[in-house]
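Have a look at the structure below, then the notes.
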Amino acid sequence: MTVQDPATGKTRFVVVPASYVFLLREAAGGTGTEVLLQLRQGTGYMDGHWAAAAAGHVERGETAEDAARREALEEVAVADLDLAFATAMQRTAHDLPIDERIDFFFTARAWSGEPRIVEPAKCADLRWFRLDALPDPVVPHERVVLAGLERGDLAPLTHFGF
């Protein structure tokens with residue numbers, strides 16, 4: 001997206017920031033790592049796809065970490081997250097100017113509260129899946145991050161759509 005800089009009058013490139021939280025836990029019997037995913041509905045974006053349990057735009061004046069914590073509370077009713085930075089992803093859809101984005105991905109293995117669906121109009125289901133047995137379909141750029149988490153080789157900076 002581009003906007004005009006009021007100070008200079010020049011057109012500036014703008015990206016849309018978002019934060020994502022993958023809640024992780026050990027599977028029963030120590031057979032691997034599980035991630036909590038939501039099934040999107042009624043949002044107009046990737047409905048019918050599995051996605052991070054909590055995610056959303058970073059608001060003006062808010063850090064990426066604060067946005068992650070706010071979204072986790074608003075979407076799945078968990079607080080006090082022990083966030084760990086996973087990756088920042090720059091992504092594009094080339095022809096859609098609104099889809100120039102920077103996404104901040106976090107994981108959390110500790111939190112307070114029991115995850116539950118808080119926004120049933122936007123979330124049809126909430127389930128734990130092993131990282132090596134994800135459902136289909138998963139939001140494509142999120143699947144890239146989940147695959148890197150599963151392999152253990154997720155880079156601190158990733159790209160999608162280039």
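Relative to the dominant Cα principal axis of the chain, helix 64-76 is inclined by about 50°. If amide H atoms are built 1.01 Å from N in the plane of the peptide, which residues on other chains or at least 5 residues away come under 5 Å of the amide H of VAL58? Under 5 Å from the amide H of VAL58: ALA18, SER19. Counting protein heavy atoms only, the range 1-154 has 52 percent of its accessible area on carbon and sulfur, 1.4 angstrom probe. Build a GNM of the chain with springs between Cα atoms under 10 Å apart, and of PHE22, PHE104, PHE85 the one that fluctuates most is PHE85. Helix 140-151 and the longest principal axis of the C-alpha atoms of the chain enclose an angle of approximately 50°.
Less than 5 angstrom separates the built amide H of VAL78 from those of LEU73, all sequence-distant by 5 or more or on a different chain.
In the chain, taking the dipole from charged Cβ atoms about the Cα centre, the farthest positive-side position among VAL35, SER112, VAL15 is held by VAL15. In the elastic network of the chain, a GNM with C-alpha springs shorter than 10 Å, the most mobile of ALA54, ALA133, ALA110 is ALA133. Amide H contacts of ALA27 (H built 1.01 Å from N, in plane; Pro and chain starts excluded): GLY32, THR33, GLU34 sit under 5 Å, all sequence-distant by 5 or more or on other chains.
The values are calculated or read from the model by the stated rules, or taken from the named source; none is laboratory data. Just so you know, these numbers come straight off a predicted model, no measurement behind them. Note that we place each Cβ from the backbone using ideal geometry, even for glycine, and neighbour counts take in every protein chain shown. Each accessible area value is taken on the protein alone, full model and side chains, heavy atoms only, with ligands, DNA and RNA left out. Shrake-Rupley method; radii C 1.70, N 1.55, O 1.52, S 1.80 Å.
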